[in-house]
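Novice: This is the structure, below, for whatever I ask next.
The values are calculated or read from the model by the stated rules, or taken from the named source; none is laboratory data. Worth saying up front: this structure is predicted, and the values here are computed from it rather than measured. Here the Cβ positions follow ideal geometry from the backbone for every residue, glycine too, while neighbour counts run over all protein chains shown.
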Amino acid sequence: MKNDELKNLLDSIRLTVKDDCLAGQTITTYQLPKEAQTEKVLDVLPEHFEKFKKVEIDEKGNLVLTHPDKED
């Protein structure tokens, strides 16, 4: 996966997270495309979502993000 493709992927994930937050969701599940399911990409993803309570990749290739608590 090239740098611009990774950037587009991260932007897409962030948009999904934003939509989920607006809908009141506390967990976002994002299906990663096959080309993103490489060790190199999977190792880098958590770095981009450090503010989340939990970042994991499930057995189906989904990125599962547990949102941080909302600040009042």
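Novice: Within region 1-50, track down each residue that is more than 28 Å from D69 (Cβ to Cβ) and either hydroxyl-bearing (S, T, Y) or in contact with a strand residue (DSSP E or B) (Cβ under 7 Å, 6 or more places away or on another chain) (or both).
Specialist: Within region 1-50, T38 is the sole residue that qualifies.
Novice: Looking at region 1-37, which of its residues are at pLDDT 95 or above, part of a loop (DSSP other than H, G, I, E, B) and surrounded by 12 or more Cβ atoms within 10 Å (Cβ to Cβ)?
Specialist: Within region 1-37, Q25, T26, L32, P33 qualify.
Novice: T16: touching an Asp or Glu at 6+ places or on another chain (Cβ under 6 Å) and either in contact (Cβ under 8 Å) with a residue 60 or more places away in the chain or of a type outside the set (D, E) (or both), yes or no? Quick ask: steps written out before the conclusion?
Specialist: Working: touching an Asp or Glu at 6+ places or on another chain (Cβ under 6 Å): no; either in contact (Cβ under 8 Å) with a residue 60 or more places away in the chain or of a type outside the set (D, E) (or both): yes.
So T16 does not fit the description; no.
Novice: Report every pair of residues separated by at least 6 positions or lying on different chains whose Cβ atoms are under 9 Å apart, first residue within region 35-56 and over 19 Å from N8 (Cβ atoms), second among the acidic types (D, E) and surrounded by fewer than 12 Cβ atoms within 10 Å (Cβ to Cβ).
Specialist: Within 9 Å, the pairs are K53/D69.
Novice: Okay, next question. Condition first: outside any helix (DSSP H, G or I) and either surrounded by 11 or more Cβ atoms within 10 Å (Cβ to Cβ) or of a type outside the set (D, E) (or both). Now tell me which residues in region 47-57 satisfy that. Spell out the reasoning first.
Specialist: Residues of region 47-57 outside any helix (DSSP H, G or I): 50-57.
Those that are outside any helix (DSSP H, G or I) and either surrounded by 11 or more Cβ atoms within 10 Å (Cβ to Cβ) or of a type outside the set (D, E) (or both): K51, F52, K53, K54, V55, E56, I57.
Novice: Among the listed residues V64, V44, identify the single one that is of a type outside the set (D, E, K, R) and outside any helix (DSSP H, G or I). Show your work before the answer.
Specialist: On the way: V44 fails: outside any helix (DSSP H, G or I).
One residue alone meets the criteria, V64.
Novice: Quick test of your reading of the structure: P46 fulfils all but one of (1) in contact with a helix residue (DSSP H, G or I) (Cβ under 9 Å, 6 or more places away or on another chain); (2) modelled with pLDDT under 95; (3) not polar (S, T, N, Q). Name the failing condition by number.
Specialist: Result: P46 passes all but (1).
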